[in-house]
Amino acid sequence: RARVQDAIQRILTLQDAGGGFGLWNPDSNVETWLSAYAMDFLVRARQEQYLVPESAYQHGLKYLQEQLNTDEFGEAELGWRAYALYVLARVQQAAIGDLRYLHDNHLQKLPSALAQAQLGAALARYGELDRAREAFSTALNRTGRGEGRDYGSPLRDRAALLTLLVESGLLPDRIPQLAEEVAAEFNQRRYASTQEQAWLLLAAQALLKQPGQIRLAVDGQATTADPFYLTPTVEQLAKGLTVANQGAQPAWYTL
């Protein structure tokens with residue numbers, strides 16, 4: 001907890017007088033997408049009972065709301081617009097009209113699966129489940145990404161999509177395959193960027209918070225240990241083992 005609290009203080013040193021965030025110091029040019037990213041972290045931290053100073057917190061949320069009042073709807077602007085609405089939706093400060101407008105008029109134009117998933121997650125928080133499912137389905141079926149400057153990659157986008165999809169509770173049948181794909185892609189990498197690491201961590205946390213207990217049968221012997229470590233003897237291996245999932249949720253394994 002101390003490391004996270006230190007990170008909060010460090011991030012707040014990057015906030016300028018207008019409530020936005022720069023990359024290196026308060027005098028750096030404010031970046032709208034990065035400001036939404038910083039506020040995403042601060043909102044999540046505050047919801048996990050970390051100390052986030054009230055003035056800086058409200059200042060950052062007000063900055064996001066002010067940016068949404070502009071009439072810019074180019075590809076780059078759509079990316080940060082979806083992110084800002086998602087962050088505001090987490091604290092019930094997004095305008096439902098803005099969410100519906102972005103979905104109905106710009107869903108296909110959003111620059112990444114991340115932006116589409118953020119729109120879906122925001123809509124889900126307001127009970128707009130049909131629109132939310134459509135936004136998530138569009139993100140799941142996406143094959144490329146646009147030119148928006150969001151420090152992203154296909155792996156980052158898919159990890160974020162997995163996180164937001166699990167957190168929303170929608171389309172549960174799509175989660176196991178997506179989780180497998182994200183894990184497989186990560187396992188092929190020798191290096192992961194900061195963005196990729198952050199969203200992979202959030203995806204793992206979201207999956208671990210899913211309801212339901214692991215229920216396995218090893219050669220007919222039931223176990224509910226979670227995680228369960230199977231360390232068979234040479235004799236057991238020679239004879240052969242059967243492991244069956246008796247639970248209602250998918251169970252992942254690694255060998």
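Quick notes on this one:
- Loop-located chymotrypsin sites (Phe, Trp or Tyr not before Pro) in the range 1-93 (DSSP state not H, G, I, E or B) with no more than 15 neighbouring Cβ atoms inside 10 Å: Trp24, Tyr50, Phe73.
- The label-point distance for Thr70 and Ala244, in a model that sets each label 7 Å from Cα toward Cβ, rounds to 6.0 nm.
- Working ranking of peptides 6-18, 147-159, 116-128 by packing, defined as the average number of other Cβ atoms within 10 Å per residue, highest first, is 116-128, 147-159, 6-18.
- Over the chain: helical MRE at 222 nm, DSSP H runs n ≥ 4 each giving -39500 (n - 2.57), nearest 500: -17500 deg cm²/dmol
- GNM top mover of Glu181, Glu66, Glu196 - the chain, alpha-carbon springs below 10 Å: Glu66
- Applying the criteria of a DSSP loop state and at most 13 other Cβ atoms within 10 Å to the trypsin sites (Lys or Arg not before Pro) of the range 177-255 yields Arg189, Arg190, Lys209.
- Calculated FRET value between Gln221 and Arg10, using beta carbons and R₀ = 51 Å, to 0.05: 0.55
- Dipole-positive endmost among Gln205, Gln188, Tyr253 within the range 134-255 (Cβ charges, Cα centre): Gln188
- Accessible surface, the chain, averaged per residue in Å² (probe 1.4 Å): 56 Å²
- With coordinates expressed along the principal axes, the C-alpha atoms belonging to the range 30-126 extend over 38, 28, 22 Å, beginning with the largest.
- Structure-derived P(r) over Cα pairs in 10 Å bins from 0, in percent: which label, when the choices are (1) 6, 28, 35, 24, 7, 0; (2) 7, 27, 32, 20, 9, 4, 1, 0; (3) 6, 21, 26, 22, 14, 8, 4, 1, 0: (2)
- Between helix 96-106 and the chain: long-axis angle, C-alpha atoms, 0 to 90°, nearest 10: 80 degrees
- Here the chain is treated with +1 on each Lys and Arg Cβ and -1 on each Asp and Glu Cβ, and its dipole about the Cα centre works out to around 520 debye.
- Portion, in percent, of the accessible area of the range 115-164 that falls on carbon or sulfur, probe 1.4 Å: 44 percent
The values are calculated or read from the model by the stated rules, or taken from the named source; none is laboratory data. Because the structure is predicted, anything quoted here is derived from the model rather than measured. When we count neighbours, we look across all protein chains shown, and the Cβ atoms used for this are built from the backbone with ideal geometry, even at glycine. What goes into the accessible areas is simple: the full protein's heavy atoms, side chains included, and nothing from ligands, DNA or RNA. Shrake-Rupley method; radii C 1.70, N 1.55, O 1.52, S 1.80 Å.
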